[in-house]
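Only one structure is covered here, and it is reproduced in the block below.
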Amino acid sequence: MRIIFRVDASIEMGTGHVMRCLTLADALTQAGAECHFICREHPGHLNALITERGHIVYSLPYIEQHKQRQHSKAEELAHANWLGATQEQDLESCIPILKLLQPDWLIVDHYAINKPWHQELRAYCQKIMVIDDLADRQHDCDLLLDQTFGRSSEDYLPLVPQDCQVLCGAHYALLRPEFAQWRDYSLKRRAQGQLEHLLINLGGVDKDNITTEILQALANTALPDNCRITVVMGATAPWVERVQQQAALMPWPTEVKVGVNNMAELMANSDLAIGAAGATSWERCCLGLPTIMIVIADNQKYAAIQLQNRNAVLTLDLDRDLATKLQDRLMKLLFRKQELCKVSFNASEITDGQGVSVISNKLIGNKYSNV
């Protein structure tokens, strides 16, 4: 069975799309499939990482905006500039690859791709799967996955073919197997509601250096004397050096880790996370890790609102008062440890970390049948 992923990472769009596709590709490979990736070389791409994980990458050149052809109306999408080319140019690069490989599945995880692109590639693959979070554009696909908590298949009824199977909800979240493995340990250690180990992770890139702002706010907060802080950043994050400089000035032991491969273990051994409302939201939920969540992009707002309404996170707005609000929130939590326990339990009810197995089995099991 041969599968092609069309997905990108960059400083602008972050690393979450590639990372969840890698998680699915690893599971599919273990099940006997052969996975290939088509990725454009945006600034901050992860093509080398994909290769290191044992998958074949077909790299497409990044096309500067002034060299891109004029967008058609079909390409007037909210995130059209994330493609690094026009859809026409992207198709011209992808079609020869699909002709060569003749995949059973083409899996597309890209906010800048929609129905016209899918239709053009129908002739070169058996089936198409789309991974989305926005429900803001039309798709021509056989299977659609939206792992956002609170999302309903009804949100996609006007956006996909009538016979498309739509899977929605965080129970389908594409998490690496280690999150399910660390789940029991993580949940058991939260009974005391302690607040001694903080984990800071503003996504894989944090292009606006919010991490340094958070550390500066924490430096002026009366945290426990035995507190320690761990900061996790992606290998392509542009502000690592600045964060390391601030970490050295902190009143508590503060370690900056870059490009980690044991995120589940780090989360399981943390008492509170300060993080973005991206794909790591589902990782934290699986482990019941209480989180102060900061929305750093418009496309994260829906998920943040859904989690806040379930009291599964504590949210903060990204504005000029962020430091003051963060300090106030932390001081309240120090004296209301039962709130940590409550948020942890609510978060743990969102997903159990088994989604990647469900999706992998569905793709492998439906090779020769209707989805």
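All of the numbers you see were taken from the coordinates with simple rules; none came from a lab. In this text, all values refer to a predicted model and were calculated from it rather than measured experimentally. Backbone-built Cβ (ideal geometry, glycine too); neighbour counts: all protein chains shown.
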How large is log10 of I(q)/I(0) for the chain at q = 0.08, 0.09, 0.14 Å⁻¹ when the intensity is taken from the Debye formula with one equal scatterer per alpha-carbon? -0.40, -0.51, -1.18
GNM of the chain, Cα pairs under 10 angstrom: of V18, V108, V258, the biggest fluctuation goes to V258
Ordered by residue, what ³J(HN,Hα) values in Hz, to whole numbers, does the range 79-94 give under the Karplus form 6.51 cos²θ - 1.76 cosθ + 1.60, where θ = phi - 60° and Gly and Pro are x? 10, 4, 6, 6, 7, x, 4, 7, 4, 4, 5, 5, 4, 4, 7, 7
For the chain, what is the relative contact order in percent, using Cα pairs closer than 8 Å and at least 6 residues apart in sequence? 16
Counting other beta carbons within 10 Å of each residue's own, what order do F179, F345, F37 fall into, fewest first? F345, F37, F179
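Once you wrap a convex hull around the alpha carbon atoms of the range 177-348, what is its projected area averaged over all directions, in nm²? It would help to have the intermediate numbers written out before the result.
Working: hull surface 35.7 nm².
Projected area, direction-averaged: 8.9 nm².
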Once the piece of chain linking D184 and V358 is laid out straight, how much longer is it, given 0.36 nm per residue of separation minus the C-alpha distance between them? 60.7 nm
If you take the beta carbon distance between E64 and S153 as r and set R0 to 51 Å, what does 1/(1 + (r/R0)^6) give as a FRET efficiency, to the nearest 0.05? 0.85
With the cut-off at 22 Å, tell me which of the pairs K188/K301; K257/K337; K188/K337; K301/K332; K67/K301; K127/K362 have Cα atoms farther apart than that. K188/K301; K257/K337; K301/K332; K67/K301
So how do S281, S357 line up by other beta-carbon neighbours within 10 Å, fewest first? S357, S281
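Can you give me the Rg/Rh ratio for the range 52-137, using Cα atoms for both radii and the Kirkwood formula for Rh?
Radius of gyration relative to Kirkwood radius: 0.95.
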So for R0 = 22 Å, FRET eff. of T221-E241 from the Cβ-Cβ r, to 0.05, ends up at 0.40
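Test of understanding: what is the full-extension gain from T324 to Q102, defined as 0.36 nm times their sequence separation minus their Cα-Cα distance?
Gain on extension, T324 to Q102, equals 74.4 nm.
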Any residue on another chain or 5+ positions along whose placed amide H is under 5 Å from the amide H of V256 is listed here as V231
Which of V260, V240, V166 fluctuates most in a GNM of the chain (C-alpha springs under 10 Å)? That residue is V260
Using amide H atoms built in the peptide plane, which far-off residues or other-chain residues are under 5 Å from F37 H to H? F5, I56, V57, Y58
Amide H to amide H under 5 Å from V108: which residues, 5+ apart in sequence or cross-chain, H placed 1.01 Å off N in plane? R6, M129, V130, I131
Alpha-carbon radius of gyration plus Dmax, which is the widest Cα pair, for the range 74-215 in Å: 19.3, 58
